[in-house]
1. With (1) at pLDDT 65 or above; (2) open to solvent by 100 Å² or more (accessible area, probe 1.4 Å) as the list, and LYS237 as the residue in question, which single condition is left unmet?
2. Just checking, which of VAL89, VAL115 is open to solvent by 60 Å² or more (accessible area, probe 1.4 Å) and either farther than 23 Å from ARG56 by Cα or over 60 Å from the mean Cα position of the chain (by Cα) (or both)?
3. Condition check: assigned to a helix (DSSP H, G or I), β-branched (Val, Ile, Thr), surrounded by fewer than 13 Cβ atoms within 10 Å (Cβ to Cβ) and modelled with pLDDT of 90 or more. Does ILE101 satisfy that?
4. Give region 49-87 a look and list any residue that's out of contact with any Leu (no Cβ under 9 Å at 6 or more places or on another chain) and outside any helix (DSSP H, G or I), or say none.
5. Among GLU107, GLU41, GLU144, which is the only one that is part of a helix (DSSP H, G or I), surrounded by fewer than 16 Cβ atoms within 10 Å (Cβ to Cβ) and out of contact with any Ser or Thr (no Cβ under 9 Å at 6 or more places or on another chain)?
6. For LYS163, indicate whether it is open to solvent by 100 Å² or more (accessible area, probe 1.4 Å) and at pLDDT below 80.
7. Any chance you could count how many residues in region 49-85 are touching a helix residue (DSSP H, G or I) at 6+ places or on another chain (Cβ under 7 Å), without any contact (Cβ under 8 Å) to a residue 24 or more places away in the chain and either surrounded by fewer than 18 Cβ atoms within 10 Å (Cβ to Cβ) or small (Gly, Ala, Ser) (or both)?
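The values are calculated or read from the model by the stated rules, or taken from the named source; none is laboratory data. Everything numeric in this text was worked out from a predicted model, so none of it was measured. Neighbour counts run over all protein chains shown; Cβ positions are idealised from the backbone, glycine included. All accessible areas refer to the heavy atoms of the entire protein, side chains included, with ligands and DNA or RNA removed. Shrake-Rupley method; radii C 1.70, N 1.55, O 1.52, S 1.80 Å.
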Amino acid sequence: MNIFKRLFKIGEAETNSAIDKMEDPIKMTEQGIRDMKLDLEKSLEALAQVKALAIRSKNDQDIFKNKAKEYQDKAIIILKKAQKKELNVNEADRLAKEALIQKETNEKQLEATKVETEKFEANVSQMQGNVEALKANINNWENELKTLKARVKVSNATKNLNKQMAELDSSGTVSMLERMKEKIAQEEALAEAYGDIANASKSIDEELDKAADTTEAAADDELQKLKEQLGFTKSKK
C-alpha cells in the first residue's frame, strides 16, 4: 500500500509540474509559435507540390493541344496524297481515320487536363491564402511574445519588490524602527523634563541666596568704619 501511495505522490508531483510548465505564458507562447512555424513549413511544402502539379498540368495542355493539331495535319496530308494518287485510297482512309482518332483522344485529354489545371490553381489560391494568414499569425504572435516578455519582467520586478517589502515588515524591522522612534521621542521628552526641573531648582536657589545674602550689609559696615578712622565722619556716642 505504501508503494502505491508513493507512486501516486510521484505521479501527482509530475502532473503538477507539467501543469505549472503549461501555465507559463512565455513557454506556451513560444511553443505555439514553434508549432505554427512547423505548420508553415508543411504548408509551404504542400503549396510547392500543388503548384508543381498545376504547372505540369498546364504544360500537358500545350502538349495535348499540339498533338491534336499534329494528328489533324497528318490526316490532311494523307488525304491530299491519296487525292494525288500518291497513296492507296483505302490505305489513306485508314491512316487518316487513325490520325483523327488520335486527334480526338488528345482533345479529350486536353479538356480533362484543363479541368485538372483549374482545380490545381484553385487549390493553389486557397493554400496561398492559408500560408499568408499563417505568416500573419506568426508575426502577430511574435510581437505578442515581445510584449508578454516585457510584461513578465515588470510583473516579476514588482512581485519581488512587494515580496521584499512584505518580508521586511514580517521580520519586524518596520515595527522595530517604529519602537525606536517612540523610544527616542520618550527620551527627548524625559531630557526636556529634567531640564525644566533643573532650571526650576536653580531659580529657587538663586532666590534663596539673594534673600540670605549678607555681603552687601557687611560691606556697608566696613565702609563706615573706614570713614570713621579717616575722620570723615564723627563717631556717634
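1. The single condition LYS237 does not satisfy is (1).
2. Working: VAL115 fails: either farther than 23 Å from ARG56 by Cα or over 60 Å from the mean Cα position of the chain (by Cα) (or both).
Exactly one of VAL89, VAL115 is open to solvent by 60 Å² or more (accessible area, probe 1.4 Å) and either farther than 23 Å from ARG56 by Cα or over 60 Å from the mean Cα position of the chain (by Cα) (or both), namely VAL89.
3. Working: assigned to a helix (DSSP H, G or I): yes; β-branched (Val, Ile, Thr): yes; surrounded by fewer than 13 Cβ atoms within 10 Å (Cβ to Cβ): yes; modelled with pLDDT of 90 or more: yes.
Yes; evaluated as a whole, the condition is true for this residue.
4. Within region 49-87, LYS84, LYS85, GLU86 qualify.
5. Working: GLU107 fails: surrounded by fewer than 16 Cβ atoms within 10 Å (Cβ to Cβ); GLU144 fails: out of contact with any Ser or Thr (no Cβ under 9 Å at 6 or more places or on another chain).
Of the residues listed, the single one that is part of a helix (DSSP H, G or I), surrounded by fewer than 16 Cβ atoms within 10 Å (Cβ to Cβ) and out of contact with any Ser or Thr (no Cβ under 9 Å at 6 or more places or on another chain) is GLU41.
6. Working: open to solvent by 100 Å² or more (accessible area, probe 1.4 Å): yes; at pLDDT below 80: yes.
Taking the combined requirement at face value, the residue satisfies it.
7. Taking region 49-85 first, the residues touching a helix residue (DSSP H, G or I) at 6+ places or on another chain (Cβ under 7 Å) are 50-51, 53-54, 57-58, 60-61, 64-65, 67-68, 71-72, 74-75, 78-79, 81-82.
From what is left, the residues that are without any contact (Cβ under 8 Å) to a residue 24 or more places away in the chain are 78-79, 81-82.
After this cut, where a residue has to be either surrounded by fewer than 18 Cβ atoms within 10 Å (Cβ to Cβ) or small (Gly, Ala, Ser) (or both) as well, the list is 79, 81-82.
Residues meeting the conditions: 3.
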